[in-house]
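Peer 1: First the structure, which I've put down as structure tokens, then a few questions once you've had a look.
The values are calculated or read from the model by the stated rules, or taken from the named source; none is laboratory data. Just so you know, these numbers come straight off a predicted model, no measurement behind them. Methodologically, a virtual Cβ is constructed for each residue, glycine included, from the backbone with ideal geometry; neighbour enumeration extends over all protein chains shown. When the accessible area is computed, the model is the full protein with side chains, heavy atoms only, and any ligands, DNA or RNA have been set aside. Shrake-Rupley method; radii C 1.70, N 1.55, O 1.52, S 1.80 Å.
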Amino acid sequence: MKHTAIATDRTSGNSITMSLLRLGRCILATSIASLLLAAASTPTQADEDTQGGGGQGEHHGGNFGHGKLVNHVLLISVDGLHQSDLASYIRSHPKSTLAALAASGVNYINASTPFPSDSFPGMVGQATGGNPSSTGIYYDDTWNRAVFPAGTINPTGPAPGAEVTYFEQLDLNLGALDAGQGIVPAPGNDPWANILQLSGNPVNLIDPKQLPVDAHTGKPIYPGEYLRVNTIFEVAHEHHLLTAWSDKHPAYQILSGPSGLGVDDYFTPEINSSANPAAPTDPNQNDWTTNNLSTQQYDNYKVQAVINWINGHRHDGSGNPGTPAIFGMNFQTVSTAQKLPTSPTNGDLSGNAPGGYLADGATPGTVLSNALDFVDRSLGSMVAALQQRGLYNDTAIIISAKHGQSPMNPAALNRIKDSSIIDALNAAWKSAGHNGNDLVPFSVNDDGMLIWIDNQWHNDPTAAPFAKNFLLNYNVPGGSVDGKDITSAGLMQVFAGAEAAEFIGANPNDPRLPDVIGIAQYGVVYTSKKSKISEHGGGHPEDRNVPILLSFPNAPGGSGYSDPVETTQIAPTILRLLGLNPNELQAVRLEGTQTLF
């Protein structure tokens, strides 16, 4: 597939190939632009009501190029959705909302997420136009050699390095859907009845004692402050446009960018909280991802927030600030349907309905089929709300995904306990005569490996190559969770030291950069249990080949383009749709990220 060449060439330092690919994207963008701009030569009629009466959103941003095409962009990330899933669903559901959007829009069928294909760099890429080399966001759980551990007071001396946890660990109470705000449980039979009253500022839901500490200021580093570049939300905010976003953790405050001002209204209920109504604040209960019907209930709260935004309210339905210029949400329902071996689902509450894909590795199983239907119905409710408000002909809708999921073929699944590998690596390093700290203080391994070397050993030129050699020679016959052989620690390629920096296109002196990057063999998922059958974060096409479906009035409907594009191109495209200058995004300038048209 074409986009695998992008992954290889972009990250291998092949500047000639990369230049040709960028030239190809420029040609593609020009050809699509001529169609779109010709079709949109008549300006859209703005709804005087949509940006609020007297609110900051009533002032539109300055025009750029050919001027704005719409006043609103609704961005949707269906986490886990592959391009093949979208194509299959449209074929089998020709009257669906997704089919209607495809018929009225442009479908980029060869789109790739950033690498690593984790939720955090995936969403950040869509919001900034940048890959991790520019944004500094490699994963939602990483290591940074230049910070002090969370909870450090009055740090002195060299930074020892520390884990950076931008996921549920940050919450005031990670066991509660409200992240500890105190509105869960609500009085009565439904403990989550008041969840839409969640704070619109996730800073209020984050425990600063869980944040890494800046070595220079001695202050905790909030997610937005950790981001090295600005976001589309910040650009819109600077042009006095309203913005809003809903996602799965308060840590998505990162989308507000370094200024912390980018998003005017958030809705960030904690997905990894208790889904047990009898114990709704207990972090030891099953969370919303362990039952696909629970995930649908969780996502439906966010759908309601989006509809409230469409109707000109805040996420909780209060006030009339106006419909945001940039707003949207992520869906988790498809992702959990792909991961769960079995789950209750519509029409089968037994808990035995199969998740993931059928044996052909392409056809969705029962749980995933129902999950796709749920997403389609939810999108239909958003479209209906836009039409009822008179905004449909003034709104661009973009459907994409932060990441895919792998493996789709259930026979390929090989679950490996990664902690055993890292423990063995650290033991081997000490056995080789290295006294002191472990070689590896932290790694994150889903369907790939990212490994950081301890500060004590980081400047030792033998350290990273030692880790690489150990991993490639780690073999355990029949040693996986599934009883399959483990060869080369489940990896097909390992990049260490300068190789890792070159592979990911980053500065080798970046204190956030993983020292060792392992590309997993197809089907490998690092876990000690059998509770999931797929994962993301790796470099396989199934991790990275996601849709970009762009629909807006007067677009060349039903168009499909197979040239390689990246989800980072969504960010400058959103600004162009709104008549703003894509070059106001710092990552766009750093990487030369092109608009999609």
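Peer 1: Applying the selection to segment 215-230, what residues are assigned to a loop (DSSP other than H, G, I, E, B), at negative phi and not hydroxyl-bearing (S, T, Y)? Even if it seems obvious, please write down each step before you answer.
Peer 2: Start the filter on segment 215-230 by keeping residues that are assigned to a loop (DSSP other than H, G, I, E, B), which leaves 215-219, 221-222, 227-230.
With the extra rule that they be at negative phi, the set shrinks to 215-217, 219, 221-222, 227-230.
Selection gives A215, H216, K219, I221, L227, R228, V229, N230.
Peer 1: I'd like the full set of residues that are of a type in the set (A, V, I, L, M, F, W, C) and under 30 Å from V525 (Cβ atoms), limited to segment 94-138.
Peer 2: The answer is L98, I109, A111, F115, F120, M123, V124, A127, I137.
Peer 1: Hey, could you check segment 342-370 for residues that are over 12 Å from N291 (Cβ atoms) and within 23 Å of the chain's Cα centre (by Cα) and say which is surrounded by the most Cβ atoms within 10 Å (Cβ to Cβ)?
Peer 2: Among them, the one singled out is L368.
Peer 1: Same structure, new question: Looking at A396, A412, which is the one that is small (G, A, S), in contact with a Phe, Trp or Tyr (Cβ under 7 Å, 6 or more places away or on another chain) and closer than 15 Å to H72 by Cα? I'd like the intermediate steps shown before the answer.
Peer 2: Values: A412 fails: closer than 15 Å to H72 by Cα.
Only one candidate passes the filter, namely A396.
Peer 1: Which one of these does A193 not meet: (1) buried (at least 23 other Cβ atoms within 10 Å of the Cβ); (2) out of contact with any helix residue (DSSP H, G or I) (no Cβ under 6 Å at 6 or more places or on another chain); (3) of a type in the set (A, V, I, L, M)?
Peer 2: (1)
Peer 1: Taking the residues in segment 291-305 that are more than 18 Å from the chain's Cα centre (by Cα) and hydrophobic (A, V, I, L, M, F, W, C) as candidates, determine which candidate is farthest from Q338 (Cα to Cα).
Peer 2: A305
Peer 1: Which residue is surrounded by the most Cβ atoms within 10 Å (Cβ to Cβ), if the candidates are limited to segment 371-397 and must be of a type in the set (S, T, Y) and assigned to a helix (DSSP H, G or I)?
Peer 2: Let us first name the residues in segment 371-397 that are of a type in the set (S, T, Y), namely 378, 381, 392, 395.
Checking which are assigned to a helix (DSSP H, G or I) leaves us with 378, 381, 392.
Numbers: S378: 24, S381: 16, Y392: 18.
The selected residue is S378.
Peer 1: A further question follows. Here are V235, V203, V263: which of them is open to solvent by 10 Å² or more (accessible area, probe 1.4 Å), part of a helix (DSSP H, G or I) and of a type in the set (A, V, I, L, M, F, W, C)?
Peer 2: Details: V235 fails: open to solvent by 10 Å² or more (accessible area, probe 1.4 Å); V263 fails: part of a helix (DSSP H, G or I).
From the options V235, V203, V263, the qualifying one is V203.
Peer 1: In segment 275-306, which residues are touching a helix residue (DSSP H, G or I) at 6+ places or on another chain (Cβ under 6 Å), touching a residue at least 60 places away in the same chain (Cβ under 8 Å) and open to solvent by 30 Å² or more (accessible area, probe 1.4 Å)?
Peer 2: Listed by number, the list holds a single entry, Y301.
Peer 1: Could we say that I195 is within 23 Å of W245 (Cα to Cα) and of a type outside the set (F, W, Y) here?
Peer 2: On the way: within 23 Å of W245 (Cα to Cα): yes; of a type outside the set (F, W, Y): yes.
The answer is yes for I195.
Peer 1: Additional query: Somewhere in segment 445-460, is a residue open to solvent by less than 10 Å² (accessible area, probe 1.4 Å) and farther than 21 Å from D141 by Cα?
Peer 2: No; the residues of segment 445-460 include none that is open to solvent by less than 10 Å² (accessible area, probe 1.4 Å) and farther than 21 Å from D141 by Cα.
Peer 1: Could you tell me whether segment 485-504 includes any residue that is touching a residue at least 12 places away in the same chain (Cβ under 8 Å), farther than 30 Å from P354 by Cβ and among the aromatic types (F, W, Y)?
Peer 2: Checked segment 485-504: at least one residue is touching a residue at least 12 places away in the same chain (Cβ under 8 Å), farther than 30 Å from P354 by Cβ and among the aromatic types (F, W, Y).
Peer 1: Would you mind finding the one in A100, A111, A150, A146 that is in the same structural domain as Q586 (by the TED database) and open to solvent by 10 Å² or more (accessible area, probe 1.4 Å)? Spell out how you get there, then give the answer.
Peer 2: Values: A111 fails: open to solvent by 10 Å² or more (accessible area, probe 1.4 Å); A150 fails: in the same structural domain as Q586 (by the TED database); A146 fails: in the same structural domain as Q586 (by the TED database).
Being in the same structural domain as Q586 (by the TED database) and open to solvent by 10 Å² or more (accessible area, probe 1.4 Å) holds for just one of A100, A111, A150, A146, which is A100.
Peer 1: Working carefully through the options N272, N308, find the one that is modelled with pLDDT of 95 or more, over 19 Å from the mean Cα position of the chain (by Cα) and over 21 Å from T567 (Cβ atoms). Write out each step before concluding.
Peer 2: Values: N272 fails: over 19 Å from the mean Cα position of the chain (by Cα).
Only one candidate qualifies: N308.
Rundown of residues vs (1) at pLDDT 95 or above; (2) assigned by the TED database to the domain that holds A244; (3) open to solvent by 10 Å² or more (accessible area, probe 1.4 Å), yes/no style:
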residue	(1), (2), (3)
T50	no, no, no
G62	no, no, yes
H82	yes, yes, no
S88	yes, yes, yes
P94	yes, yes, yes
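Peer 1: Exactly one of these conditions fails for N437: (1) within 14 Å of Q521 (Cβ to Cβ); (2) more than 31 Å from the chain's Cα centre (by Cα). Give me its number.
Peer 2: So the condition that N437 fails would be (1).
Peer 1: Continuing with the same structure: Among the residues in segment 367-374, are any assigned by the TED database to the domain that holds S117 and of a type in the set (G, A, S)? So that I can check it myself, show each step before the final result.
Peer 2: To start, the set of residues in segment 367-374 that are assigned by the TED database to the domain that holds S117 comprises 367-374.
In the following step, the residues that additionally are of a type in the set (G, A, S) were identified as 369, 371.
So far as segment 367-374 goes, yes, one or more of its residues are assigned by the TED database to the domain that holds S117 and of a type in the set (G, A, S).
Peer 1: Something else: Based on this model, can you work out whether F503 counts as in contact with a Phe, Trp or Tyr (Cβ under 7 Å, 6 or more places away or on another chain), surrounded by 22 or more Cβ atoms within 10 Å (Cβ to Cβ) and modelled with pLDDT of 95 or more? Give the derivation first.
Peer 2: Details: in contact with a Phe, Trp or Tyr (Cβ under 7 Å, 6 or more places away or on another chain): yes; surrounded by 22 or more Cβ atoms within 10 Å (Cβ to Cβ): yes; modelled with pLDDT of 95 or more: yes.
Taking the combined requirement at face value, the residue satisfies it.
Peer 1: Take S318 and decide whether it is among the small types (G, A, S) and touching a strand residue (DSSP E or B) at 6+ places or on another chain (Cβ under 9 Å).
Peer 2: Here the answer is no, as S318 does not meet what is asked.
Peer 1: On to the next question. Given G497, G523, which one is open to solvent by 10 Å² or more (accessible area, probe 1.4 Å), touching a helix residue (DSSP H, G or I) at 6+ places or on another chain (Cβ under 6 Å) and of a type in the set (G, A, S)? Full working, then the answer.
Peer 2: Working: G523 fails: open to solvent by 10 Å² or more (accessible area, probe 1.4 Å).
None of the others qualify; the one that does is G497.
Each row is one residue, and each column tells you yes or no for (1) in a loop (DSSP other than H, G, I, E, B); (2) open to solvent by less than 40 Å² (accessible area, probe 1.4 Å); (3) modelled with pLDDT of 95 or more.
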position	(1), (2), (3)
S134	no, yes, yes
P160	yes, no, yes
E163	no, no, yes
G175	yes, yes, yes
G182	yes, no, yes
A186	yes, yes, yes
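Peer 1: Here's something else I'd like to know. Name every residue in segment 398-421 that is open to solvent by 20 Å² or more (accessible area, probe 1.4 Å) and part of a helix (DSSP H, G or I), in order of residue number.
Peer 2: P410, A411, A412, D418, S419, S420
Peer 1: For segment 324-351, what are the residues that are assigned to a loop (DSSP other than H, G, I, E, B) and closer than 19 Å to A127 by Cβ? Quick ask: steps written out before the conclusion?
Peer 2: Of segment 324-351, the ones assigned to a loop (DSSP other than H, G, I, E, B) are 324-325, 332, 340-341, 346-347.
If the condition is that a residue be assigned to a loop (DSSP other than H, G, I, E, B) and closer than 19 Å to A127 by Cβ, then P324, A325, Q332 are the ones that fit.
Peer 1: Here's something else I'd like to know. Can you give me the ranges of the strands (runs of 3 or more DSSP E) entirely in segment 467-559 with at least 2 residues that are touching a His at 6+ places or on another chain (Cβ under 9 Å)?
Peer 2: Here the list reads 516-520, 545-551.
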